[in-house]
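Worksheet: one structure, shown below.
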Amino acid sequence: MTEIARKRPVFRNINALKDLPTYRLPAAGWVSILHRVSGVLMFLLMPFIIWMFDTSVSSEISFASFSAAFNVGLGFVPGVLVKLVTLALIWAYLHHFIAGVRHLYMDVFHAVSKEFGKSSAVVTLALSLGLTAVLGAKLFGLY
C-alpha cells in the first residue's frame, strides 16, 4: 500500500449520547431543524389555534372569555401558560415563514453557496427571534 492510502481518516457512526452533545451544527443546519420543529409545533397546536380563532370571532361574550383566558387563565391552566403557548406559536409561525421564504429565494434564484447559506441562516434566526421578542413583549404587556 502507498503512504497516502494508509493515512486516510476513519469515519465511524455517531454515538448519540457521546458525540451529539459536542457536535457543532452550522447555522444552516439549525435553521433546517428548527424549520421542521416549527412545522410540527404548528400542526400539533392546531386545535388551540382553531379554538383561539373561534372564540375571538364568534360573539362579544366569547371574545371576552378569550381575552380573560390570557389574563386569568382557562380552568386550571394559568394565563401565563396560555401566553407562553401563544408565544411558542408566534415563534413557530415567524420562523417557519421566514425560513420558507429563504428556501424559496434559494430555489428561484439558484443562490446555493456556502456563504449565502450561512448568511441567510443567520439572518433567518435573527429575524425570527427578534420579531418574536417584539411580539412577545406586546403579548406580555411591556408596551
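The values are calculated or read from the model by the stated rules, or taken from the named source; none is laboratory data. Please read all numbers here as calculations on a predicted model, not as lab measurements. Heads up, the Cβs are rebuilt from the backbone with ideal geometry, glycines too, and the neighbour counts pull from every protein chain shown. Side chains included, ligands, DNA and RNA excluded: accessible areas come from the protein's heavy atoms. Shrake-Rupley method; radii C 1.70, N 1.55, O 1.52, S 1.80 Å.
Before we move on, is residue 25 under 30 Å from residue 103 (Cβ atoms) and surrounded by 14 or more Cβ atoms within 10 Å (Cβ to Cβ)? Answer is no for this residue.
Residues that are within 14 Å of residue 45 (Cβ to Cβ) and open to solvent by 70 Å² or more (accessible area, probe 1.4 Å) were ranked within region 62-86; the one that is nearest to the chain's Cα centre (by Cα) is 84.
There is at least one residue in region 78-85 that is in contact (Cβ under 8 Å) with a residue 40 or more places away in the chain, among the charged types (D, E, K, R) and over 30 Å from residue 116 (Cβ atoms). Contact map, region 108-131: first residue in contact (Cβ under 8 Å) with a residue 12 or more places away in the chain, second residue open to solvent by 70 Å² or more (accessible area, probe 1.4 Å) and assigned to a helix (DSSP H, G or I), Cβ cut-off under 8 Å, separation 6 or more or different chains; pairs are 120/105; 121/30; 125/30. In the list 93, 105, 143, which residue meets the criterion of being closer than 13 Å to residue 35 by Cβ and not β-branched (Val, Ile, Thr)? Selected residue: 93, the only one of 93, 105, 143 that is closer than 13 Å to residue 35 by Cβ and not β-branched (Val, Ile, Thr).
Just one residue in the set 135, 131, 125 is closer than 14 Å to residue 30 by Cβ and either in a helix (DSSP H, G or I) or under 18 Å from the mean Cα position of the chain (by Cα) (or both); that residue is 125. Contact map, region 43-67: residues that are at positive phi and of a type in the set (A, V, I, L, M, F, W, C) paired with residues that are assigned to a helix (DSSP H, G or I) and open to solvent by 90 Å² or more (accessible area, probe 1.4 Å), Cβ distance under 9 Å, separation 6+ or inter-chain. No pairs are found. Please specify each residue of region 130-143 satisfying the condition of being touching a helix residue (DSSP H, G or I) at 6+ places or on another chain (Cβ under 8 Å) and either of a type in the set (Gly, Ala, Ser) or surrounded by fewer than 15 Cβ atoms within 10 Å (Cβ to Cβ) (or both). Residues satisfying the conditions are 136, 140, 143. Counting only residues that are loosely packed, with under 14 Cβ neighbours inside 10 Å and either at negative phi or in contact with a Ser or Thr (Cβ under 7 Å, 6 or more places away or on another chain) (or both), region 91-117 holds 11 of them.
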